[in-house]
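Heads up: the structure comes next, in structure tokens.
The values are calculated or read from the model by the stated rules, or taken from the named source; none is laboratory data. The model shown is predicted, which means the values in this text are computed figures rather than measured ones. All Cβ positions, glycine included, derive from the backbone under ideal geometry; neighbour counts span all protein chains shown. The accessibility values were calculated without ligands, DNA or RNA, using every heavy atom of the protein model including side chains. Shrake-Rupley method; radii C 1.70, N 1.55, O 1.52, S 1.80 Å.
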Amino acid sequence: MAEDLHITSGSKEEQYQSLLPQVQGLLTGEADLTANLANVAAALKEQFGWLWVGFYLVKINEQGSEELVLGPFQGPVACTRIRFGKGVCGSAWKEANTLIVPDVEQFPGHIACSSLSKSEVVVPLLKDGEVIGVLDVDSDKLNDFDEVDVKFLTQLCTWLVSLH
Ligand code: SME
């Protein structure tokens, strides 16, 4: 396994095209979900320098209800639990769909884990059509995410889920 990522400059598309095969190399042959989520979060953070990159996973709480629970991430400390339909993450879970939020202050019910966060993208992790978690990325810049991010982050999440 390569110990270091090769970090590229260039367009966002070029950065993803360089990063994704490296991430695949890093994860292939490793079946542990936590280890793989941790390395994906670290690789995305290292390449793109976003404020926060991480995962929330659907788990059953003590009351027997499902909620999103904080998983591996890189960035400032974050809220631990998010209920179905709440915030951007809970909404992406409910809709089983990716959400791009160009300005978090304009998103009703946005959960502000860091006051530095300005824009956000959340991609659901889908297994057999069910949401098992989400990838959440926060930027300290407004309007930092677009369809290029959605395309590559979705590819990455689909592939990641297929490993487990
Ligand atoms: N902003 C998210 C909460 C998670 S943090 O950004 C890490 C939301 O509204 O669901």
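Tabulated data for the structure shown
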quantity	calculated
Table column - 3J(HN,Hα) (Hz), the stretch 78-85, Karplus curve with 6.51, -1.76, 1.60, x for Gly and Pro	9, 5, 7, 10, 10, 7, 3, x
Segment residue 159-residue 62, extension gain: residue separation times 0.36 nm, minus the distance between their alpha carbons	31.8 nm
Accessible surface of the chain [probe 1.4 Å, protein heavy atoms]: carbon and sulfur percent	50
Å² per residue, accessible surface of the stretch 59-164 at 1.4 Å	53
Heavy atoms of residue 152 accessible to a 1.4 Å probe, total area in Å² rounded to 10	10
Hz values of 3J(HN,Hα) by residue in the stretch 24-31 - Karplus curve (6.51, -1.76, 1.60), Gly and Pro given as x	4, x, 5, 8, 4, x, 9, 9
Heavy-atom accessible area ranking, 1.4 Å probe, most first, across 79, 157	79, 157
Inter-label distance, nm, simple model (7 Å from Cα along the C-beta direction), residue 141/residue 115	2.3
